[in-house]
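What follows is a short report on a single structure.
What follows is calculated from the coordinates using simple rules that are stated; it is not laboratory data. Everything numeric in this text was worked out from a predicted model, so none of it was measured. Here Cβ is always computed from backbone atoms with ideal geometry, including for glycine, and neighbour counts include all displayed protein chains.
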Amino acid sequence: MDEKFIVGVDIGGTWVRVAICTADLNEKNIKKRITATLKENEYSISKTVCEILSELLSENDIKQDQILGIGIATAGPLNIIKGEVFNNANLGFRVIPLKKPIKEIFPEIPMYFINDGIAGVLGVHFFEAEDNEKDNLVYISMSTGIGGGVICNGHLLLGKEGNAAEIGHALVEPKSIAKCNCGAYGCWEAYSSGTGVRNRALDALNEGELNAELLMQIVDNAKSHITAKEVFQAAQNGDQLSKKIIDDCVFYTKVGIGLVNSYYDCTSIYFGGAMMKDNQQIIPPLIEQFEKDPIRFTVNHPPKIKLTEYKDEIGLRGALALVKYKIENHKIIS
């Protein structure tokens, strides 16, 4: 009998990841590939997914009828029934069809969609959470944007269309002039995502009130070369402007954690995403805050704050776990 496999896809504002694994999701059997997120038109992403998956199947001599299902995690908002992204801030187009064009290439394979933040919490749940954490667990991704996923009382929270934990668009500064890519002002994402850090640094440079000599040295005086990476680097070296931007990033993440814990009363919060490459400037002050003075930000007992060992690949693992849980009719998603 042919062995069976599960496919996982993670679509983010910067990268598209595709993986295939045996149905038991054994770590050593995960084969994956990553490529930049193309934004030429609304079908670029689905085309990329189909091409990479076809290559993985061919390279590993796997036939379509050996695939039990494809789990697709994507930056949202997302309609999980239609398999369509809408009102998106970071994928280049407001509406992006995924299910229909992918089904044209892989018509017989069951396909399951999930918000990438929610996929993250499934990945943590299956691959690394401790038993006492699993029933009340939160995952927060800090990357191009900010996303999240929540398991509360042993149930994965989805909402009417699958966007129950769009925490990055929580309003953390009501009088803000910092505009988020979603079009609103004062979102957590506008302050603490990679995009937000970059945009706020550029705004502060244009205002000219803070010294940014070190930051400009790092980018050879080319503002267009500034990303969150350079802002974190400059802040670590004492750059005045960059330090203010990173301090704000951390402060509003404290606000966000407080909101999440007050709403969901979670045991643990795991952080992941590309910005965790600079986690030493983010995670320690968060842990200190919620161990020493949690009441400033949350009324509930504080959660443990952790870093996922899988960093920016946890959403991909969650997409794999989604299919496994669907096949097994796991209680967490039933």
If one compares the long axis through the Cα atoms of helix 44-59 with the longest principal axis of the Cα atoms of the chain, the angle in degrees, nearest 10, works out at 50 degrees
Contact order relative to length for segment 130-307, counting C-alpha pairs under 8 Å separated by 6 or more residues, stands in percent at 23 percent
Longest principal axis of the chain (C-alpha) makes with the long axis of helix 194-207 (C-alpha) an angle, in degrees to the nearest 10, of 30 degrees
Answer in debye to the nearest 20: the dipole magnitude of segment 124-245 about its Cα centre, from +1 Lys/Arg and -1 Asp/Glu charges placed on Cβ, is 360 debye
The whole-number value in µm²/s of the Stokes-Einstein translational diffusion coefficient for segment 1-126, with Rh from the Kirkwood sum over alpha carbon pairs at 20 °C and 1.002 mPa s, is 146 µm²/s
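Kindly state, to the nearest 0.05, the FRET efficiency for Glu328 paired with Asp220, given R0 = 41 Å and r defined as their beta-carbon distance.
Efficiency computed from Cβ-Cβ geometry: 0.15.
Roughly what % of Cα-Cα distances in segment 130-307 sit above 30 Å, to the whole percent?
Tail fraction, whole percent: 19.
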Counting only DSSP beta bridges fully inside segment 130-307, the antiparallel percentage to nearest 5 is 55 percent
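With both bridge residues required to lie in the chain, what share of the DSSP beta bridges run antiparallel, to the nearest 5%?
In the chain, approximately 55 percent of DSSP beta bridges are antiparallel ones.
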At q = 0.13, 0.20, 0.26 Å⁻¹, the log10 of I(q)/I(0) for segment 58-135 from a Debye sum over equal Cα scatterers comes to -0.53, -0.95, -1.13
The relative contact order of segment 181-250, taking Cα pairs under 8 Å that sit 6 or more residues apart, comes to a percentage of 35 percent
The size of the Cβ-based charge dipole (Lys, Arg +1; Asp, Glu -1) of the chain about the Cα centre, to the nearest 20 debye, is 480 debye
Longest principal axis of the chain (C-alpha) makes with the long axis of helix 116-127 (C-alpha) an angle, in degrees to the nearest 10, of 70 degrees
Under 13 Å by backbone N from the virtual spin label 7 Å along Cα-to-Cβ at Leu68, the residues of segment 11-44 are 21-26
What the 20 Å binned alpha carbon P(r) of the chain shows, as percent of pairs per bin from 0, is 33, 56, 11, 0
Computed, not fitted: 222 nm per-residue ellipticity of the chain from DSSP H runs ≥ 4 (each -39500 (n - 2.57)), nearest 500, equal to -11000 deg cm²/dmol
Note: probe point = Cα of Phe93 + 7 Å toward Cβ; backbone nitrogen < 14 Å; residues of segment 8-46 passing the test are 38-46
Exposure proxy check on Leu316, Leu25, Leu98: fewest-to-most Cβ neighbours within 10 Å is Leu25, Leu98, Leu316
Listed with the fewest Cβ neighbours within 10 Å leading, Phe86, Phe232 appear as Phe86, Phe232
Taking 0.36 nm per residue of separation between Thr227 and Lys304 and subtracting their Cα-Cα distance, the length gained on full extension comes to 24.8 nm
Cβ density ranking, 10 Å radius, fewest first, applied to Leu56, Leu215 yields Leu56, Leu215
Taking Cα pairs closer than 8 Å and at least 6 residues apart, the relative contact order of the chain in percent is 19 percent
